[in-house]
1. Listed residues Ala85, Ala129, Ala183; which is surrounded by 17 or more Cβ atoms within 10 Å (Cβ to Cβ), hydrophobic (A, V, I, L, M, F, W, C) and under 30 Å from Val229 (Cβ atoms)?
2. Tell me, yes or no, whether segment 201-209 has at least one residue that is buried (at least 24 other Cβ atoms within 10 Å of the Cβ) and not in a loop (DSSP other than H, G, I, E, B).
3. Suppose we filter segment 244-260 for residues that are surrounded by 20 or more Cβ atoms within 10 Å (Cβ to Cβ) and either of a type outside the set (A, V, I, L, M, F, W, C) or touching a strand residue (DSSP E or B) at 6+ places or on another chain (Cβ under 6 Å) (or both); how many remain?
4. Looking at segment 34-63, which of its residues are within 22 Å of Ala128 (Cα to Cα) and in contact with a helix residue (DSSP H, G or I) (Cβ under 9 Å, 6 or more places away or on another chain)?
5. For the condition farther than 19 Å from Ile160 by Cα and either in a strand (DSSP E or B) or in contact (Cβ under 8 Å) with a residue 12 or more places away in the chain (or both), what is the one hit in Arg45, Arg80?
6. Would you confirm, using the coordinates I've provided, whether Ser70 is in contact (Cβ under 8 Å) with a residue 60 or more places away in the chain, touching a helix residue (DSSP H, G or I) at 6+ places or on another chain (Cβ under 9 Å) and either surrounded by 14 or more Cβ atoms within 10 Å (Cβ to Cβ) or in a helix (DSSP H, G or I) (or both)?
7. Scanning segment 210-220 for residues that are surrounded by fewer than 24 Cβ atoms within 10 Å (Cβ to Cβ) and touching a Lys or Arg at 6+ places or on another chain (Cβ under 9 Å), which turns out farthest from Ser170 (Cα to Cα)?
Amino acid sequence: MRLIVLGCSGSGPGPESPASGYLVEAGGTRLTLDLGNGTLGALQRHLDPWSLDAVVFSHLHADHCSDFASLVVHRRYHPRPPFDAAASPLPVYAPAGAHDRFARAYAPSDDELAGTDLTDVFTFHDLAAGGTHTIGTGADEVRVSAFGVVHPCPAFALRIEHGRRVLTYSGDTGACPGLLDAARDADLLLCEASWPHGEHNPPGVHLSGREAGEHAATAGARRLVVTHVPAWYDRDELAGEAAAAFDGPVEAATPDAVFDV
């Protein structure tokens, strides 16, 4: 598998990076994990969006999903699509209620919301804790498993498996057992670290750099990539916190970085 960072700025885009979004390539299968502000543009540096096999969302906060409205436009109004988008709808895996949430973001007004149906070019599949979805077939098969995590809205850590390789994406989460289960023996843990460690951090929202490292160590992950660092914090500082708690390789995500899993 290959992980490509489209954006890694936490809580919104920053001066150097779009918000959260990642491209995963596994055999012949291509999928995105989240599509935050600015990530659809970044995606086009690496892949024609028509080549996607699925879009997966860890949760529905805007900094992780706002560019979906732009993807709707792309699939409906591109002047020269390679195929009939309505005949080949793109699968979307997301927390329950995603269709209505995305329809509201795309609708011209509240009065026209009832007539906004995105299922002409997408199929929607609800994520649920403990559930697994298969994308692709044969040697290209990718299994996406969802693990409930702690956040102010329904949110999931995502375990991506291709053959014997495992990539875990934390999404947004506070410290919790669900992240440990998702990251168990992962080859690479892509983990949020949204603030320096300290008692002032509210519980059940995000991880500190140190907590990201502790979760990687406890789960037995082989490699840690720290992401979702807001523009007002230093990514290297938070990666350093993580490295102090985890004795495996630790790196900080940067836009367009590529990691082989």
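FYI, it's all coordinate maths here, none of it is from the lab. All figures in this text were calculated on a predicted structure; none of them were measured in a lab. Heads up, the Cβs are rebuilt from the backbone with ideal geometry, glycines too, and the neighbour counts pull from every protein chain shown.
1. Ala183
2. yes
3. 4
4. The answer is Asp34, Leu35, Gly36, Asp53, Val55, Phe57, Ser58, His59, Leu60, Ala62.
5. Details: Arg80 fails: either in a strand (DSSP E or B) or in contact (Cβ under 8 Å) with a residue 12 or more places away in the chain (or both).
Unique residue meeting the criteria: Arg45.
6. Criteria not met by Ser70.
7. Gly220
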